[in-house]
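**Student:** Have a look at this one before I ask anything.
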Amino acid sequence: MKIYLKLITFILGMVVSLISTPEISQAQSGISITGIADNHSSYPNNSVPKFEKFEINFLVNNTVATQLQWPYDPAPPSNITPGIGISVDAYFLPPGQSNWSTAYKTPAFYYQPYDYQRKNNRDWLYPQGTPVWSVRFAPNQVGTWSYRLSAQDSSGTIQSAIQTFSVVDSSAHGFVKVSSNDTRYFEFDDGTYFPGLGYNMNWNHISWDEPVGDVTNRDSNAYNFLEMGKNGIQLIRLWLSEWSLYGAKWNPWRCILSGCSSDWPEIIHDQSYQDHDISVAMYANYNPCMSSGHWLSPPIAMKPHASYRVRVRVKTENITGPRIAGQLYGFVAKITEGGNNWLQGPNNNCQDPGVGQTVTAYQGNSNWTEVTGTYVNDLALNYLSSFYLTLTNVTGGSAYVDRVVMEEDLGGGNYGPNIIVKPGMNHHQYMDQRTSFAFDKVVELAHQNGVYLRPVILEWQDDILTSLDSYGFFGNWRNVTKTRWYQQAYWRYLQARYGFSPNIHSWELVNEADPANGNHYAMTDELGKYMHCRVFGIPINADDALKCNYQHPNSHLVSTSTWTNFPRDSFWGNSDYPNVDFSDLHRYISDAAQDWLDPNFYDTAKSTNDNSMAFGAKRPGGAGKPVIRGETGLIHGTDTNAMTTSLTADPQGGWLRHLIWGGINSGGLIESYWYEDYNNQGHIYSDSFDLRPVFKSYYDFIKDIPLSNGNYVDITASGPTGLRVWGQKDTVNNRAHLWVANAAWRWNSQNPSPVSGNVTISGFTPNLTLPVIWWNTQTGIISQSLTSTTSGTGVLSINISSLTSDLALKIGNYSASPSPSVSPTAVQVPGDANSDGHVDGIDYVIWLNHYGQNVSGVAVGDFNNNNTVDGVDYVIWLNNYGN
């Protein structure tokens, strides 16, 4: 009975959604959509290649919305002002379709264009022009698509006229998803296996200051993405949360004096401008200064000789002074030019008069006011060194800051966009435009080089998001609290701005949250629901564990991570959280292992094999979904921040070769190493060495093996004592691949006694001659190509002679397309009207639109093919809903 109640609730939601969608509503106000322009003409023959970016820019005029990065919501949680946002969306109708209820709803975002150049040997990002609305979409079908735009605010809803664009085929594989045939693996939309070799690039290893950089500089993003692409390094985990695109954690405003309670200025909840929830406090006695434009902040780009208006919204209380008679005192904004950018030290403290260049000053005490001033870039600088907010030369008092604006004076009373990075202290209520554009450039680099990104999107220790309401960061189970509402506005923005890209592998909710926190579990599942369903306009209840089976072509995988253990039963493998797409574990490899730490310090192949066979999807300890070891590294002792320095004994990177090739086992674990280039003393590359070609040897071997086809099983080979024989076989197609290693090899002892003997593999067709390709794992070069014939019982025997290290072999014909274990299109799922492999709400809408009609065929909701769409067809849909 419970499931039927849920389905009834779902169906009612779909009906309400259908009735109120922009396709069938009328404009009720002066809101309008104009200036529609798309990028189809930038492609050859004016046709968009499949899975490439199709982008539409346009204007939404006369909106009454005051928060353009919030969706329209007439009834948000308490303490959020209702109805002041705007929901702008596009609807994309696939080729051959005429019913707009089957269109793919895709959110738009408010976009500030930037000029990108290289100046002074660094990236220069400068906002230019008027903001526009933008929609980005990657079409997944060839043919003529139709689209229209909609906008809804509290004054009503408007939609644009229908427009079309053409899509042609391409060599792109599409988006990464969990394999439909083998839950151990990821694959692309076209079924191509995704190996996922890669590592972490934490902190600013992918730079937000210089999102592209000089390709000849080994520290630049451009150089590193090029190297990753050349070496088959596909999957990169990064902390987008550290970029401070959204949220207070890692924001560029810093408290710079020793009296501060932390690196960041103090957040105050009881002093806020209007509905901004918080402000940042400054106190004369211990926190008189805060700064943007230092080591954590992106550089503030300027135009030479330009004049700028500076505005600071501030509230001041009990300001007294001067501390030094005859000198300026009060709330003062200052800048520094050239090399003098650090106002700290004897006779150079930011709160002292005469230090830095004053651009605004206010001596009074008042409620919220806007302090203004002017700065002229007479030195023709391309970058501002630092921007300071100070209580200068005061003897007491406090100031509360809400927002900082620095805008180019264009003349005639007109001003350009704000050039300050993270200008509002209400960091939870908006997404920063400069940082967003910087990540646009990184996503472009990923696309150009075949790299896929796994961004960590939020910080669970964020000072604002942990204190907005009584439920904290992770909220109250599945309920949409005030904090969750703001988080969802951010999630919507991520999908709108970056979701078009196949090079986003997945969204990781947070890094290393509590492994026993049920609210963390529920929030991750709700992220999955949101990113798979609700952001695309598909209603799904927030208070239950229904799985969203809707397949928007630009949807991405969702996961999270915990600081220890592998909570399989309570979380990763628990059916209460069906929208979490893959599992994750963090487990470092220690030379003094204890508790959760991995003891295989010198035997990295055994390390990856043990964890894969323990936690792989189909293993007894697995969660039935792909697993990534999201963090691992060789450490000294028990401190995961203490990376080992012992690898100088292995300059050729044998430890890395064995870690990578050991992943050939049948568990399916993907490794993501932590210390890739740690302060230029990394384990994978640094100023003095580069082991990234080690990945290429394995990638070239594994990339064309169709591991996700559903046929591959453990190789279960037999061989002499002293040899490791790991790999898999596909006996349906008479194929196998294996890694053979001397079991005594260790990276600190690389010359064990040689081992010889025959390796035998069963399960092949009897008396069949098969190609056997031998690979040198160190060079990645094929060492010999032979053939071998199976026995009358289907056993293949391979002789291994005097092996001291390792080698690899491919057996079988890889030129022909493999036979999948189950053809995804072989069986039509009853009730699946749009043939996407899932019975969901879209199929219900198709049935509803044709109810009562004398038409035939599954595609119109006639699931029993009796030439009538009726209640019997509804029951068929209902009985298969969720499949």
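The values are calculated or read from the model by the stated rules, or taken from the named source; none is laboratory data. Only a predicted model underlies this, so the values are computations on that prediction, with no experimental measurement involved. In this analysis, Cβ positions are derived from the backbone assuming ideal geometry, glycine residues included, and neighbour counts consider all displayed protein chains. What goes into the accessible areas is simple: the full protein's heavy atoms, side chains included, and nothing from ligands, DNA or RNA. Shrake-Rupley method; radii C 1.70, N 1.55, O 1.52, S 1.80 Å.
**Student:** Tell me, which residue of the stretch 567-607 that is under 22 Å from the mean Cα position of the chain (by Cα) and assigned to a loop (DSSP other than H, G, I, E, B) is nearest to D639 (Cα to Cα)?
**Tutor:** R587
**Student:** List pairs: first residue in the stretch 761-782 and without any contact (Cβ under 8 Å) to a residue 40 or more places away in the chain and under 12 Å from I811 (Cβ atoms), second residue open to solvent by 50 Å² or more (accessible area, probe 1.4 Å) and hydroxyl-bearing (S, T, Y) anywhere in the structure, Cβ distance under 7 angstrom, at least six positions apart or on different chains.
**Tutor:** Correct list of pairs: G763/T731; F764/T731; L768/T789; T769/T787; T769/T789; V772/T787; I773/S785; W774/S783.
Residue-wise test of (1) without any contact (Cβ under 8 Å) to a residue 40 or more places away in the chain; (2) within 29 Å of P455 (Cα to Cα); (3) surrounded by fewer than 18 Cβ atoms within 10 Å (Cβ to Cβ).
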residue	(1), (2), (3)
Q234	no, yes, no
L238	no, yes, no
W250	no, yes, no
E266	yes, yes, no
P298	no, yes, no
S307	no, no, yes
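**Student:** Could you tell me whether any residue of the stretch 566-582 is in contact with a helix residue (DSSP H, G or I) (Cβ under 8 Å, 6 or more places away or on another chain) and of a type in the set (K, R)?
**Tutor:** yes
**Student:** If you don't mind, another one. Looking for something open to solvent by less than 60 Å² (accessible area, probe 1.4 Å) and farther than 26 Å from R619 by Cα - is there at least one such residue anywhere in the stretch 176-198?
**Tutor:** Within the stretch 176-198, not a single residue is open to solvent by less than 60 Å² (accessible area, probe 1.4 Å) and farther than 26 Å from R619 by Cα.
**Student:** All but one of (1) under 21 Å from D182 (Cβ atoms); (2) surrounded by fewer than 20 Cβ atoms within 10 Å (Cβ to Cβ); (3) not aliphatic (A, V, I, L, M) hold for Y712; state the number of the condition that does not hold.
**Tutor:** Unmet for Y712, out of (1) under 21 Å from D182 (Cβ atoms); (2) surrounded by fewer than 20 Cβ atoms within 10 Å (Cβ to Cβ); (3) not aliphatic (A, V, I, L, M): (2).
**Student:** For the stretch 309-328, which positions are of a type in the set (S, T, Y) and crowded, with 23+ Cβ neighbours inside 10 Å?
**Tutor:** T316
**Student:** Here's another thing I want to ask about it. What number of residues within the stretch 620-675 satisfy the criterion of being of a type outside the set (A, V, I, L, M, F, W, C) and within 17 Å of S805 (Cα to Cα)?
**Tutor:** Of the residues in that region, 9 qualify.
**Student:** On to the next question. Taking the stretch 95-113 as the search range and keeping residues that are open to solvent by less than 40 Å² (accessible area, probe 1.4 Å) and among the hydroxyl-bearing types (S, T, Y), which one is farthest from G861 (Cα to Cα)?
**Tutor:** Y111
**Student:** I need the full set of residues from the stretch 614-646 which are outside any loop (DSSP other than H, G, I, E, B) and surrounded by fewer than 21 Cβ atoms within 10 Å (Cβ to Cβ), in order please.
**Tutor:** Within the stretch 614-646, A614, M643, S646 qualify.
**Student:** Within the stretch 512-560, take every residue that is among the basic types (K, R) and in a helix (DSSP H, G or I) and give me the one that is farthest from G630 (Cα to Cα).
**Tutor:** R534
**Student:** Of everything in the stretch 745-786, what is open to solvent by less than 50 Å² (accessible area, probe 1.4 Å), in a strand (DSSP E or B) and within 23 Å of Y699 (Cβ to Cβ)? Give them in sequence order.
**Tutor:** Within the stretch 745-786, P771, V772, I773, W774, W775 qualify.
**Student:** Please enumerate the residues belonging to the stretch 127-163 that are open to solvent by less than 60 Å² (accessible area, probe 1.4 Å) and either in a loop (DSSP other than H, G, I, E, B) or aromatic (F, W, Y) (or both).
**Tutor:** Passing the criteria: G129, P131, W133, F137, A138, P139, N140, W145, Y147, S155, S160.
**Student:** Every residue in the stretch 65-90 that is in a strand (DSSP E or B) and open to solvent by less than 10 Å² (accessible area, probe 1.4 Å), please.
**Tutor:** G85, V88, D89, A90
**Student:** Residue by residue through the stretch 647-666, note down the ones that are surrounded by 15 or more Cβ atoms within 10 Å (Cβ to Cβ), out of contact with any strand residue (DSSP E or B) (no Cβ under 8 Å at 6 or more places or on another chain) and part of a loop (DSSP other than H, G, I, E, B).
**Tutor:** D650, G653
**Student:** Output yes when any residue across the stretch 236-252 is part of a loop (DSSP other than H, G, I, E, B), closer than 25 Å to G321 by Cα and of a type outside the set (D, E, K, R), and no when none is.
**Tutor:** no
**Student:** On to the next question. Could you grab me the full set of residues in the stretch 445-487 that are open to solvent by less than 30 Å² (accessible area, probe 1.4 Å), in a loop (DSSP other than H, G, I, E, B) and within 19 Å of F225 (Cα to Cα)?
**Tutor:** Selection gives V451 alone.
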